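Input: a single structure, listed below in structure tokens.
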Amino acid sequence: MKTVRIITPTGHLGTTPLEKASFERGCAASPDFIVADSGSADIGPYPLGADRPASDEVWQRHDIEAMLLAARRLRIPLVIGSASDTGTDRGVDQYVRLIRAIAAEHRLGPFRLAKIYSEIPVDEVRRRVKDGAVVRGLNGRPDCDAATLDRTDRIVAVMGTEPIRDVLRQGVDVVIAGRSSDCAIFAAPLLEAGHSLADAFFCGKAMECASFCGEPFMGKETILGRVDGTGVYLTAMHPDQRCTPASVASHAMYERLNPFREYVPGGYLDMSKCSYEQVDPKTTRVTGQTFVASPSTWIKLEGSGKVAERALFITGIRDPYTIANLDRVIGWAKGKLTERFGPIGGTYNVFYHVYGRNAVMEALEPTPAKAPLEVGIVVEVTCDDAARAETICHIAGKNLFYARLPEVKGTAGTAAIMSDEVLHARPAYEWTLNHVVEVADPRELFRTQLETVGAGDPAARP
């Protein structure tokens with residue numbers, strides 16, 4: 001069984017630039033692969049539904065350039081998953097365009113590139129549902145039906161290891177994958193080298209966010225993962241960071257409904273019996289993980305659809321009497337909106353996000369502030385018509401100035417506006433699909449294309 005060494009310099013390519021010093025240390029550690037995740041559902045439904053990147057292309061190019069040049073210099077494969085934040089076809093094509101431009105600029109020799117697409121037409125899912133397929137809702141969501149799909153603009157399937165393994169087996173040098181399981185892009189090369197499902201997926205789970213598995217906290221620093229049949233070894237490349245049993249174990253539980261399970265197509269990684277051992281000052285070894293196979297394969301679907309246009313108005317309140325009666329102020333403001341525009345929740349909606357009191361957790365806040373010194377209020381209005389949203393939002397914000405409270409004799413000073421204007425926001429989108437669908441073949445929802453970059457070079461391979 002071949003020892004495999006993987007480096008990853010970023011947990012989400014393009015959100016902020018990777019740190020080059022620790023990346024170069026990782027490149028000097030004789031890696032066999034460079035792997036990076038480039039997507040997340042954490043960014044919300046807008047980028048998927050609108051098919052726009054959440055990350056700036058300047059930063060995306062920065063990271064891709066650093067990794068591509070290093071991979072070609074070291075003659076090792078580069079694997080990037082969930083291209084351009086959401087893994088849509090546009091994202092894959094965008095990253096391939098950047099790869100071509102970087103290769104031309106640096107006059108790189110020819111190399112083989114694989115494009116793996118994961119976007120699915122809404123009508124294809126509609127056909128499956130009509131033919132009797134169950135598209136099962138996750139985390140309490142109802143199963144998908146025609147009404148769900150009517151609200152959906154765009155869908156991506158979340159690939160497992162198989163499509164990536166297929167192209168690595170064909171000897172490609174660069175893989176640009178659509179939406180993919182974070183840990184699958186790391187597990188694929190390990191499985192191709194003969195390592196166990198348990199070690200492969202645990203390595204991916206630990207490395208998916210790069211230096212988040214080390215301490216002290218540092219972002220965009222490189223981590224080295226090594227798998228040799230005796231466990232999974234995680235090593236921090238930044239000189240002041242370490243991978244410790246505590247830091248690796250805590251990241252293994254990161255973003256999990258069940259902290260000991262990581263579900264992937266074909267089963268789940270069981271981390272309940274993991275043992276974490278510090279083997280040198282910067283490295284932790286993990287053993288005891290197991291993989292539990294499922295009798296069938298389910299692929300996750302992520303879908304998003306447009307809800308309405310949005311407008312924002314920002315104001316702050318410092319007056320203690322107004323803050324003490326803030327719910328009455330907001331209630332009065334909403335009442336005036338209802339008088340003028342009809343019931344809230346009908347043809348429009350309005351939200352008063354009170355920062356400094358409970359804007360983040362709202363009713364779930366376990367320790368509500370008793371008497372904040374000041375609060376900031378973001379008024380958000382959603383409506384089918386952008387012009388009407390602007391009109392309603394302006395009045396919704398200004399109503400905070402005019403709320404009638406008992407014992408108030410002044411005429412001004414209860415609120416301070418950041419700017420006397422409505423801010424035009426991106427449209428509101430909602431997650432419509434957080435579901436799984438059963439497949440006969442884990443590859444059937446994905447499309448792969450191969451090409452040679454720099455094909456005009458006489459040394460290009462066929």
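One line per residue, one yes/no per condition, for (1) exposed (fewer than 11 other Cβ atoms within 10 Å of the Cβ); (2) free of Cβ contacts under 8 Å to residues at least 60 places away in the same chain; (3) closer than 30 Å to Val264 by Cα:
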| position | (1), (2), (3) |
| --- | --- |
| Gly356 | no, yes, no |
| Val375 | no, yes, no |
| Cys383 | no, no, no |
| Arg388 | no, yes, no |
| Cys393 | no, no, no |
| Arg404 | yes, no, no |
| Ala425 | no, no, no |
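For region 198-228, a tally of residues being of a type in the set (Asp, Glu) and assigned to a helix (DSSP H, G or I) returns 1. When region 259-269 is limited to residues that are closer than 24 Å to Ala188 by Cβ and without any contact (Cβ under 8 Å) to a residue 60 or more places away in the chain, the one that is most open to solvent (accessible area, probe 1.4 Å) turns out to be Tyr263.
Just so you know, in region 397-451 the residues that are in a loop (DSSP other than H, G, I, E, B) and small (Gly, Ala, Ser) include one that is nearest to the chain's Cα centre (by Cα), and it is Ala440.
Arg107 satisfies every condition listed in (1) within 15 Å of Leu450 (Cβ to Cβ); (2) outside any helix (DSSP H, G or I) except (1).
Here Val437 meets the list (1) out of contact with any strand residue (DSSP E or B) (no Cβ under 9 Å at 6 or more places or on another chain); (2) under 30 Å from Ser118 (Cβ atoms) almost entirely, failing just condition (1).
In this entry, Glu65 is excluded by the filter for residues that are closer than 30 Å to Gly26 by Cβ, under 19 Å from the mean Cα position of the chain (by Cα), modelled with pLDDT of 95 or more and open to solvent by 20 Å² or more (accessible area, probe 1.4 Å). Taking region 72-101 as the range and being part of a helix (DSSP H, G or I), under 30 Å from Gly44 (Cα atoms) and aliphatic (A, V, I, L, M) as the test, the residues that pass are Val92, Val96, Leu98, Ile99, Ala101. Taking each residue of region 177-191 that is of a type in the set (S, T, N, Q) and looking for partners that are open to solvent by less than 10 Å² (accessible area, probe 1.4 Å) with beta-carbon atoms closer than 6 Å, six or more apart or interchain, yields Ser180/Gly81; Ser180/Ser82; Ser180/Met159; Ser181/Gly160.
The values are calculated or read from the model by the stated rules, or taken from the named source; none is laboratory data. Please read these numbers as outputs of a predicted model, since none were measured by experiment. Here the Cβ is made from the backbone with ideal geometry for all residues, glycine too, and neighbour counts use every protein chain on show. Just so you know, the surface numbers come from the protein's heavy atoms only, side chains and all, with ligands and any DNA or RNA stripped out. Shrake-Rupley method; radii C 1.70, N 1.55, O 1.52, S 1.80 Å.
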